[in-house]
1. Segment A:268-291 to segment B:26-44: how many Å between their Cα centroids?
2. Got a number for the accessible area of A:Val88? Probe 1.4 Å, square angstrom, nearest 10.
3. If you put +1 on each Lys and Arg Cβ and -1 on each Asp and Glu Cβ, how big is the dipole of the protein assembly as shown around its Cα centre, in Debye rounded to 20?
4. Evaluate peptide A:49-56: per residue, the Cβ atoms of other protein chains within 10 Å of its Cβ; return the mean as an integer.
5. I want the local charge near B:Glu55. Using Cβ-Cβ distances under 12 Å, sum +1 for each Lys or Arg and -1 for each Asp or Glu among the other residues.
6. Tabulate in residue order the Karplus-calculated ³J(HN,Hα) for segment B:81-88, using 6.51 cos²θ - 1.76 cosθ + 1.60 with θ = phi - 60°, rounded to whole Hz; enter x for Gly and Pro.
7. Of all DSSP beta bridges in segment A:5-204, what percent run antiparallel (nearest 5)?
8. Go through A:Lys197, B:Lys51 and list them by solvent-accessible area, largest first, probe radius 1.4 Å.
Amino acid sequence: MTSRPELKAPPEIFYNDEEARKYTSSSRIIEIQAQLTERALELLALPDDGVPKLLLDIGCGSGLSGETLTESGHQWIGFDISPSMLDVALEREAEGDLILGDMGQGLGVRPGVIDGAISISAVQWLCNADKSCHEPRKRLKSFFESLYRCLARGARAVFQVYPENLAQRELILGYAMRAGFAGGVVVDFPHSAKRRKEYLVLTCGPPSLSSATPKAKGEDEESCSDEESSGDEENQTVSISDRHRPRKKQKLNKKVKGREWVLRKKEQMRRKGNAVPQDTKYTARKRKARF
Amino acid sequence: MRLLTHNMLSSNIKGVTNGFPLRIEVEKVVEKSVDFNPDFLKNMFAKIEYKALVEASRIMGYAELPDHAEPSMLESDDFLRKFHHALMELHLEEGTLVCPETGRRFPVNKGVPNMLLHEDEV
């Protein structure tokens, strides 16, 4: 497993000319970025009125995600810290305006003007302390505060992130909440190491029905050719509401491992010739948690 | 960089109270045609700082935009087209954006403004 790019060098150095070109010429990466952007757009839940919106693409890189935004009919402004990546974006004639900037320094966008923000595979870079003057917490604070300010009321921000560990995820979420965002984490395909993707879905303004955390994707929504385990299909959503509201615990949606599944498996085993206990009313009964 | 983006950007330097609008120093302007979308324009009109847009478009060499605008003018196709042209079709390719308070210069190359702040400005 290759090591994380975040551990190798700061983004403006890691994404140099060579890496930028390599990244953007990989058809696999282009495909994945398009999928991630489409999913992020879905989670952004923009009104379906056919009016183009003004969006931010944070960590827009070489414009791969921006292309999907343009194809969806929106206008966008992209931020990135790597000049090499932005050069590639210019070559690819990205339709959105590009800004060379550091999200950890604050976005510098006027209050209330942006209809939505996305970020694909970028926000986790904020957690690095690449320079001695970099305090990740200060940068996270600057970023989220400036983002909260520039978003219009009711607008959302959706970030597809690769946090290194639980602590990083909590750190990012914590600063988002502190800035005033409500929201939660949506994890698609939580049990597939390859396909697992995390989205931070943040909303501005008071929590309401429309800002309830969206449902994550499990296996039954896509045909999987490379999936070897036919086991768990748990859709997990973690909802984090703001401080003044009681915490809502989302129920785990157990599609399998119900009584039916157990009975089926037992039949299978019997057919194979294994010794299987009789099916009684106690089969697959819910046990106490301590069990 | 279109004037749409310029109208959204403000100077982020520590201590600056009002970093908007950034003054434009033009070296090269390019006109690119963009699809005309009246719905988008009407939506954006409420968010745009109109005065800043007019000033910026004049500096970029486009003088057709009226000094003042009322929402009622959005019904006029003529005004909408001028608004569209100024907002979406004038690109600053080379030049500088200047912070109105500190005078700090942000260069614009190939249409990309460099808004990276130095350590002491954060």
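1. 67
2. Here the residue's solvent-accessible area equals roughly 10 Å².
3. Details: 61 positive and 62 negative charges, 747 e Å.
Charge dipole, the protein assembly as shown, about its Cα centre: 3580 debye, nearest 20.
4. Values: counts 2, 3, 8, 7, 3, 7, 0, 1.
What the average comes to for A:49-56 is 4.
5. Values: positive: B:Arg23, B:Lys51, B:Arg58; negative: B:Glu49, B:Asp67.
It works out to a net charge of +1.
6. 5, 5, 4, 4, 4, 5, 6, 10
7. 40
8. On the way: A:Lys197 35, B:Lys51 145 Å².
If we order A:Lys197, B:Lys51 from most to least accessible, we get B:Lys51, A:Lys197.
The values are calculated or read from the model by the stated rules, or taken from the named source; none is laboratory data. What you see is a predicted model; the values in this text were computed from it and never measured. Heads up, the Cβs are rebuilt from the backbone with ideal geometry, glycines too, and the neighbour counts pull from every protein chain shown. These accessible areas exclude ligands, DNA and RNA; they are computed on the full protein's heavy atoms, side chains included. Shrake-Rupley method; radii C 1.70, N 1.55, O 1.52, S 1.80 Å.
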